[in-house]
Amino acid sequence: MLHELLITLSGYPGDIFRPFPPEPSLPTTFAITDFPLLHPSERELLNRLAQLGFYVQEFNKFIAACQSHATSLSQQRLSQPLSPVLPGLYIKALASALDRKLQGYRQVIVQTEAAILSGQDNLGGVVPLPVISARFASFQLVFPAVYDLIVTIRNASVTDKPFLGGRLIDLLQQKAASGVPVQQEWMTELLRGCCAVMMRQIVSWVIFGQLQDPFNEFFIRRLQPIPNARGAELGSGLETTLTSSAMPTTGIKWEAEYTVDDDMIPAMIPTDLVHAILFIGKSISTAKQAKPRPVPVPPSLIQQHLDLILPLVPSPSANQSSIDKESITLEVLNIGRLTSAIYHIRRDIADHLWVLVEVGDKVVRTLESFRRYFLLNDGEFGLGLISALEEFKRNRLSRTGQFVSASSANVSIRNHDLGGILAKAAQGTPAQDDPDLRNFDFRLRNSTTETSDRKAARLFDDQMLGIPLRLWYSLSWPLDFFLTAEDLGHYGDVFAFLLAVRKTQVKLQQGWLDIKSISQQMVGRRRGRGARAYHRRARGIDREGESAEDKQEAEIVKRIAAMRSDMIFVIDCLWTYLQMDVIGPTYDGLLQTILTNDSKQSQFPHANSQGLSSPTSRTFDSIHNSHAEAVHEIRRACLLTSTTLSLSLKDILTGAEAFCNVVARRAAGQDGFQLGLGEDKDKGLWQDWTELCQLNQAFRSSM
């Protein structure tokens, strides 16, 4: 009986201890089903011990399934009420850690058998069952919790949220925060094994720029661009899908190739630390692929970083006694030391590449071009661009009957159709010979896949053509080391807004010519009635000869001119404020900061390699933060950070443009605002006048 019990405790049922309930039901334990000579209390005690054997059998099956490389998922379905296990490095580490912990259980079985055979546990020739049960008491406390953990993992493996990577670490961290010391010990050891895998992935990424993640469990993923994504993208980076990190890379991609998978970030790792880790690996990977000359990290710097981070990789250790969750995290992975190491490495890598690649000068030149084109600092180019877009709108969209379409999905316009607009806008201006202009292009934006927040930030994209249009810049190495797709998206937002303001300003200036034309038409008609009578009325000698219609027309034109004057005053003040008080000082300060930091960095080119503290040890961080603050300040001044204010401003610009369109339409005819030409014409005139008054009222109320 005792030998049968020991075999059962090892995870193997026999003639006495059989799976229960029997087939066809799925067993949940081992039990004595038919042994009438046993006392009920003995039977109960033996069945409790046999339950451990059932757990061990399930543990062994789980370990075998996790560590098997040849078994497919469909073949991993066991006869027990458990789901198949998804493959993964973290699951394999969990299985290995569990197998190590089971070695202690197996040693207890061997020690128990030795004690029985030697007579050590004999009491009058009989081995009491409570003595055997006492040897396995600690396992009776922890095995149910471990079994519950395995069931949870396997059941989740068939859902869309399996416990892999960071999610598995979070689950183990929760289980380890137990008030039962032995359960805490086991769960902490399992957590330690999974954290060791994560740390090795972090080391590979931040030291060598390589992703060791064949099962997509790491919180940093490689992206695979969707075909034709460039045509569908307009302002926020390529649309991408997460794919296996084993896929080969093509070309240099800074923002488009790697990203953070939020679902795989463990709770113990702060988000800021994750993005610092992402930055380090992307910098190293991108620099190694740089063309025409790769920029590797010096071996001495690599060794320094290895010495800094390798001691933080968890390894199997003795039992822990703390039951506090924060203490468990500290025992397994010291986040404080990890944070210090990561930011130290980040600073070294950024400063090394900043000096070696000479990013500073390239960034200054690029930001200068951004100022000229994104921020419309080049006035001649801005006017030429408005004219080119208006001509494209007349010749292409109106001809195809698509003038008023609000979505690019309904317009047979492709990105290549927009290719000549910038070149045409630059004709006759200094921008015509600017090589930086070749990096800019217009792209249609696919608004159907955007979130409501992004749509709110891009309210002005359709102000020029009536379709979502974005100005984009093609980043290349090493600029993509400093600038991101999000930065370009912000610049695109500001450009669309500034272009809408500038266009409205030009429209209102043209409106003055239209009003002048209407006045000249009115004067010409009066001259036709007799030059002599006209001069008498002009000198105020004869007011009787001026008809009521003439007086009313003159009053209408006078009021329209006053309305336009109010509108142009507001728009001129807005444009002057943006260019002179916001963009000018902000960008001047930014460029001065970059040039100052870059000149200081050149004075201490070997400070980091000598282990000294350079005055510009945070050059990259300070410049990157200064640029982010400058862009945010410009967006804030343009009211793009507030959806409510952006909508109000768009209403103002749209209303002013509609006002100018009505005036232009009346000026294009020969009648102007002349009354008495027939019922239909008078009705149309009063409709236009009413619309102008309503637009003026809306303009004033929106301010």
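The values are calculated or read from the model by the stated rules, or taken from the named source; none is laboratory data. Keep in mind it's a predicted model, so treat the numbers as computed, not measured. Heads up, the Cβs are rebuilt from the backbone with ideal geometry, glycines too, and the neighbour counts pull from every protein chain shown.
In this structure, is residue 621 assigned to a helix (DSSP H, G or I), at pLDDT 70 or above and among the charged types (D, E, K, R)?
On the way: assigned to a helix (DSSP H, G or I): yes; at pLDDT 70 or above: no; among the charged types (D, E, K, R): yes.
Answer is no for this residue.
For region 350-437, list the helices (runs of 4 or more DSSP H) that sit wholly inside it and hold at least 3 residues that are modelled with pLDDT of 85 or more and either β-branched (Val, Ile, Thr) or within 23 Å of residue 493 (Cβ to Cβ) (or both); which are they? First the steps, then the outcome.
Details: elements: 359-369, 379-392, 421-426.
Of the helices (runs of 4 or more DSSP H) lying wholly inside region 350-437, those with at least 3 residues that are modelled with pLDDT of 85 or more and either β-branched (Val, Ile, Thr) or within 23 Å of residue 493 (Cβ to Cβ) (or both) span 359-369, 379-392.
Report whether or not residue 97 is at pLDDT 90 or above and not assigned by TED's automatic domain parsing to the domain that holds residue 217.
Details: at pLDDT 90 or above: yes; not assigned by TED's automatic domain parsing to the domain that holds residue 217: yes.
Answer is yes for this residue.
From the residues in region 42-83 that are at pLDDT below 50 and in a helix (DSSP H, G or I), which one is nearest to residue 21 (Cα to Cα)? Outline the logic, then answer.
Here is the first cut: in region 42-83, the residues at pLDDT below 50 are 69-83.
Then keep just the ones that are in a helix (DSSP H, G or I); that gives 74-76.
Numbers: 74: 25, 75: 24, 76: 22 Å.
Out of the qualifying residues, it is 76.
Within region 127-164, count every residue that is at pLDDT 90 or above, small (Gly, Ala, Ser) and either under 41 Å from the mean Cα position of the chain (by Cα) or over 26 Å from residue 11 (Cα atoms) (or both).
1
Please verify whether residue 675 is outside the structural domain of residue 504 (by TED's automatic domain parsing), modelled with pLDDT under 80 and over 32 Å from the mean Cα position of the chain (by Cα), treating the condition exactly as stated. Spell out how you get there, then give the answer.
Numbers: outside the structural domain of residue 504 (by TED's automatic domain parsing): no; modelled with pLDDT under 80: yes; over 32 Å from the mean Cα position of the chain (by Cα): yes.
It is false that residue 675 is outside the structural domain of residue 504 (by TED's automatic domain parsing), modelled with pLDDT under 80 and over 32 Å from the mean Cα position of the chain (by Cα).
From 630, 664, 607, grab the single residue that is farther than 19 Å from residue 564 by Cβ and at pLDDT 80 or above.
Details: 664 fails: farther than 19 Å from residue 564 by Cβ; 607 fails: at pLDDT 80 or above.
630 is the lone residue from the list that is farther than 19 Å from residue 564 by Cβ and at pLDDT 80 or above.
Give me a count of the residues in region 312-343 that are surrounded by 11 or more Cβ atoms within 10 Å (Cβ to Cβ), in a helix (DSSP H, G or I) and either of a type in the set (D, E, K, R) or at pLDDT 85 or above (or both).
Within region 312-343, residues that are surrounded by 11 or more Cβ atoms within 10 Å (Cβ to Cβ), in a helix (DSSP H, G or I) and either of a type in the set (D, E, K, R) or at pLDDT 85 or above (or both) number 12.
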